[in-house]
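**Q** Input: one structure, supplied below.
Just so you know, all these numbers are worked out from the coordinates, no wet-lab data involved. All values reported here derive from a predicted model rather than from experimental measurement. Cβ placement follows ideal geometry from the backbone for every residue including glycine, while neighbour counts extend to all protein chains displayed.
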Amino acid sequence: MNVALELLAERRYADFARRCMGLIYDQRVALGLRRDLEIPLIAPKAKIPIRIRAFEESDLPVLLDENQPGLARKEMVEIRTRRAHHEAAIPTCYVAVDETTGSPCYFQWLMGPSQNAKIQSFFPAQWFPVLQENEALLENAYTPVAYRGNGIMSAAMALIAERAVDLGCRYVITFVERDNVPSLRGCRKSGFSPYLVRTENRFLLNLVKRRRFEEFREG
Ligand SMILES: CC(C)(COP(=O)(O)OP(=O)(O)OC[C@H]1O[C@@H](n2cnc3c(N)ncnc32)[C@H](O)[C@@H]1OP(=O)(O)O)[C@@H](O)C(=O)NCCC(=O)NCCS
């Protein structure tokens, strides 16, 4: 609703009308993608050298500050969502570090089946399937704007997914909105292929939300 009012104030009437329609009925579709760690993959290389490590408290002001000057509204929302994930303390958040400067340049959570209870209570109902014993979930990837377009997502995601072996998992799954082209491309390069479709129907100011999973079918 706040966004609709902002659009109205900015006299963006067509966007305002679309937003209002979306508040009455909207459908969001995400693809569930999976990687089988037993299938060998040569991890793609980013344009800059990176290494992976666990998130450290010193990363907080660099990666999770939604009030950085000049940040677009969409990015603020992305960072706010990830800050909430950080506060929910569901391990483990991994960070890719730019080896030329030592700065964190990407982060993402890898969660194993021992976190099922926390995952199901933190995320909306039926947002993710309950993880099987041999399945881990990779979520909330984020590359700070200044680092985008360097192929960091695919390189980092390929390496982070492999940490699932330490959790006793063979499969790693992730979910991406079907219109998030950069993320879908990054997932494909890091060895993930679609296997599930999550459809969310939203009605009446998003007060009613219905979600379902279906098997992914080519085409
Ligand atoms: C998705 C995201 C992590 C990608 O980060 P990145 O490190 O810049 O990724 P890459 O540089 O590897 O780019 C990914 C691919 O998308 C392509 N791409 C980038 N912007 C694009 C756009 N607007 N349209 C189409 N393709 C685009 C890139 O060319 C690249 O494809 P290629 O490797 O085949 O050339 C980053 O955009 C981001 O943080 N977005 C906001 C949060 C988000 O959407 N997270 C994912 C949630 S599932």
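**Q** Take K74, K47 and order them by how many other Cβ atoms sit within 10 Å, fewest up front.
**A** Ascending number of Cβ neighbours within 10 Å: K74, K47.
**Q** What does the charge dipole of the stretch 1-105 about its Cα centre add up to, to the nearest 20 debye, if the Cβ of each Lys and Arg holds +1 and the Cβ of each Asp and Glu holds -1?
**A** The dipole magnitude comes to about 460 debye.
**Q** Which log10 I(q)/I(0) values does the stretch 116-179 give at q = 0.15, 0.29 Å⁻¹ under the Debye formula, counting every alpha carbon as one identical point scatterer?
**A** Here log10 of I(q) over I(0) equals -0.57, -1.26.
**Q** Also, quick follow-up: Excluding K209 itself, calculate the net charge of residues whose Cβ lies under 13 Å from the Cβ of K209, where each Lys or Arg counts +1 and each Asp or Glu counts -1.
**A** Taking every Cβ under 13 Å from that of K209, the sum is +4.
**Q** Excluding residues fewer than 8 places away in the same chain, name every one of the lysines whose C-alpha is closer than 30 Å to that of K209.
**A** Within the straight-line limit of under 30 Å, K209 reaches these lysines: K74, K118.
**Q** On to the next question. Considering the options T92, M21, T143, tell which one lies farthest towards the positive end of the dipole of the chain, charges being +1 on Lys and Arg and -1 on Asp and Glu at the Cβ, about the Cα centre.
**A** M21
**Q** Thinking of the chain as a set of Cα atoms, what percent of all their pairs are more than 27 Å apart?
**A** Distances greater than 27 Å cover 36 percent of the Cα pairs.
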